[in-house]
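Asker: For reference, the structure I am asking about is given below.
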Amino acid sequence: MADLSAETLNIIFNLQQRLLKIINEATKFSFVIFTQFGETEATIPELDELQNVRERATSYYIKLYRLSLQIAESQPAATSRFTSPINISSSGYYRCRRGQ
């Protein structure tokens, strides 16, 4: 595995966990809204927004997973080709570059 610090690995795993929670919560709220109120003019915008949240979080999760896998498979150290698509700060905030 490429040499990543324990801090970086923890940030990656924490981000993956947070994204899974977002996906789960958006799915749960969509289900609750749909089962309690159905698909009406009043609920459609909220259901659409929750779908967008799920799709964005899923996209970020997949990108982070693939990037992590590529880094793990690179030897002996990750190059900037792998580490530049994502910026991770010590606060746990990250930003994926567009088009990656």
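The values are calculated or read from the model by the stated rules, or taken from the named source; none is laboratory data. Predicted model only: the values in this text are computed from it and were never measured. All Cβ positions, even for glycine, are placed from backbone atoms using ideal geometry, and neighbour counts span all protein chains on display.
Asker: Identify, from the list THR40, THR8, THR35, the residue that is on the phi < 0 side of the Ramachandran plot, loosely packed, with under 15 Cβ neighbours inside 10 Å, part of a helix (DSSP H, G or I) and among the hydroxyl-bearing types (Ser, Thr, Tyr).
Answerer: Result: THR35 is the single residue among THR40, THR8, THR35 that is on the phi < 0 side of the Ramachandran plot, loosely packed, with under 15 Cβ neighbours inside 10 Å, part of a helix (DSSP H, G or I) and among the hydroxyl-bearing types (Ser, Thr, Tyr).
Asker: Exactly one of these conditions fails for SER90: (1) out of contact with any Gly (no Cβ under 6 Å at 6 or more places or on another chain); (2) surrounded by 11 or more Cβ atoms within 10 Å (Cβ to Cβ); (3) modelled with pLDDT under 95. Give me its number.
Answerer: Going through (1) out of contact with any Gly (no Cβ under 6 Å at 6 or more places or on another chain); (2) surrounded by 11 or more Cβ atoms within 10 Å (Cβ to Cβ); (3) modelled with pLDDT under 95 one by one, SER90 breaks only (2).
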